[in-house]
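Below you'll find the structure, written out as structure tokens, and then a few comments.
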Amino acid sequence: MASNGDTDYTQRVLGATGIPMAQVENASASGSTAFRQACIDVAAGLADVAIAVGGDKPLQFSSPQRAAGVRDLVGSRVVPFTHFALLAQRYMYDHGATAEQLAMVAVKNSRNGALNPSAQRRKARTLAEVLAPPQGLDGDRAVRVLSSVARSETVYDGENFDAALSRETAAQALGEAGVTAADLDIVELHDAFTVEELLYIEAMGISPAGRAAADLEAGQFDIGGRVAVSASGGLLAMGHPIGPTGVGQVCEITTQLRGEAGQRQHPSARTGLAHMVGVGAVCIVHVLRKG
């Protein structure tokens, strides 16, 4: 699942693999929606592992071929590393070369580069390092998704629709997860504007109506406080690239629940909530728990 409006973004990043992919566009909640779709695939038994990738395309680039009106056979959908990976497979098939032999090119050149003061990468690598597989999944570090809820707005009689929609969505997510607001240790929410944090904290039931500002001033939402709100720095500090933001929230909560957040680690974090709203209006809330 990719949270991006660019239809060929995922293939450009991951290559042509044949695996099912879906582009997700849901305004600011695109990343959150992509993560929810990944959860649904796993929960439904359609996949053992699903990945939500957050990316955005701030600029339009035009290739020289396109500018010249020259069309290639693959429509520029094969990135260089995929292209040469395919050539490597073909070379090995045609000539009987081994993966070890191809890796020796990198070993030799890294060894030479380590001696060259003008080289960008000056670390010699062994054959074992070059051939080492990527890190696999570690079940001991897994974080469980207790619930994932998506709602769109209805008609609210004079109430702020962002807060009302957030209240409904959070209440459903907490109920499906079997937890209460008092159980939350970590919260990442949509704080594109400062008042949003106070409104949503109250909407989720973390503070009573009208009490969030005082609770904030008392340090209850600090790292080490009653519940760490936006320990990442939130949208105000992390930035808001629109689509990918919700994926970043889930990454932050996962890092906290694993106890790997370093200086911003909230002590004994066990349960977290990610909240995003998107124009439209939609709201996505996930509840995650350690182990």
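Values in this text are rule-based calculations from the coordinates and carry no lab data. Note that this is a predicted model, so its numbers are computed, not measured. Please note: Cβ atoms are built from the backbone with ideal geometry, for glycine as well, and neighbour counts cover all protein chains shown.
If I model a spin label at residue 270 and residue 111 as a point 7 Å from the Cα along the Cα→Cβ vector, what separation in nanometres do I get?
5.4
Rounded to the nearest 20 Debye, what is the dipole magnitude of the chain about its Cα centre when Lys and Arg each give +1 and Asp and Glu each give -1 at the C-beta?
Working: 24 positive and 30 negative charges, 326 e Å.
Magnitude of the dipole: close to 1560 debye.
Scan around residue 53 for amide H atoms under 5 Å from its own, H built in the peptide plane at 1.01 Å from N, and keep only partners 5 or more places away or cross-chain.
Amide H neighbours of residue 53, under 5 Å, 5+ apart: 2, 3.
Calculate, in nm to one decimal, what residue 258 and residue 120 gain on full extension: separation in residues at 0.36 nm each, minus their alpha carbon distance. Please report the intermediate quantities before stating the final value.
Values: separation 138, 0.36 × 138 = 49.68 nm, distance 3.42 nm.
Working it through step by step, the gained length comes to 46.3 nm.
If R0 is 35 Å, what FRET efficiency do you get for residue 21 and residue 214 from their C-beta distance, rounded to 0.05? Before the final figure, lay out the partial values.
Details: r = 47 Å, r/R0 = 1.34.
My answer for the efficiency is 0.15.
Once amide H atoms are placed 1.01 Å from N in the peptide plane, what residues at a sequence separation of 5 or more from residue 147, or on another chain, have their amide H within under 5 Å of its amide H?
287
Tell me the label-point distance for the pair residue 104, residue 142, using the 7 Å Cα-to-Cβ offset, in nm and rounded to one decimal.
Here the modelled spin labels are 4.2 nm apart.
Over the chain, what is the relative contact order in whole percent, taking alpha-carbon pairs under 8 Å and six or more residues apart? It would help to have the intermediate numbers written out before the result.
On the way: 463 pairs, mean separation 74.2, N = 291.
Computed value for the chain: 26 percent relative contact order.
Which value results when the Cα radius of gyration for the chain is divided by 2.2 N^0.38 Å? Write out the running numbers ahead of the final one.
On the way: Rg = 23.2 Å, N = 291, 2.2 N^0.38 = 19.0 Å.
It is 1.22.
Skipping prolines and chain starts, which residues have an amide H placed within reach, meaning under 5 Å, of the one on residue 206, given they are 5 or more residues away or on another chain?
Long-range HN contacts for residue 206: none found.
In degrees from 0 to 90, rounded to the nearest 10, what is the angle of the helix 99-113 Cα long axis to the longest principal axis of the chain?
Result, in degrees: 90.
Summing +1 for each Lys or Arg and -1 for each Asp or Glu, what net charge is found among the other residues whose Cβ lies under 11 Å from the Cβ of residue 274? Could you put the intermediate results ahead of the total?
Numbers: positive: 36; negative: 188, 252.
Result for the neighbourhood of residue 274: -1.
Please check: in the Gaussian network model of the chain (C-alpha springs, under 10 Å), which one of 133, 80, 117 has the largest mean-square fluctuation.
Answer for the Gaussian network model of the chain: 117.
Taking the simple approach of a point 7 Å from Cα along Cα-to-Cβ for both residue 130 and residue 182, what is their distance in nm?
Inter-label distance under the simple model: 6.1 nm.
Return the sequence-ordered ³J(HN,Hα) values of the range 82-92 in whole Hz as given by the Karplus equation 6.51 cos²θ - 1.76 cosθ + 1.60 applied to θ = phi - 60°, using x for Gly and Pro.
6, 4, 7, 5, 5, 5, 5, 4, 5, 4, 5
Just to be sure I understand: with springs between alpha-carbon atoms less than 10 Å apart, which residue in 42, 155, 247 has the highest mean-square fluctuation in the Gaussian network model of the chain?
Largest GNM mean-square fluctuation: 155.
Using the alpha-carbon atoms, what tilt in degrees (0 to 90, nearest 10) does helix 245-257 show relative to the longest principal axis of the chain?
On a 0 to 90 degree scale, this one is about 80.
For the range 200-209, what does the Karplus curve 6.51 cos²θ - 1.76 cosθ + 1.60, with θ = phi - 60°, yield as ³J(HN,Hα) per residue in whole Hz, taken in order and with x for Gly and Pro?
6, 4, 5, 5, 7, x, 6, 10, x, 3
Under the Karplus relation 6.51 cos²θ - 1.76 cosθ + 1.60, θ = phi - 60°, what is the ordered set of whole-Hz ³J(HN,Hα) values for the range 285-291, x standing for Gly and Pro?
10, 10, 10, 10, 9, 6, x
Rounded to the nearest 0.05, what FRET efficiency do residue 81 and residue 157 give with R0 = 41 Å and r taken as the Cβ-Cβ distance? Could you check? Walk me through the numbers before you get to the answer.
Working: r = 55 Å, r/R0 = 1.35.
Between residue 81 and residue 157 the formula returns 0.15.
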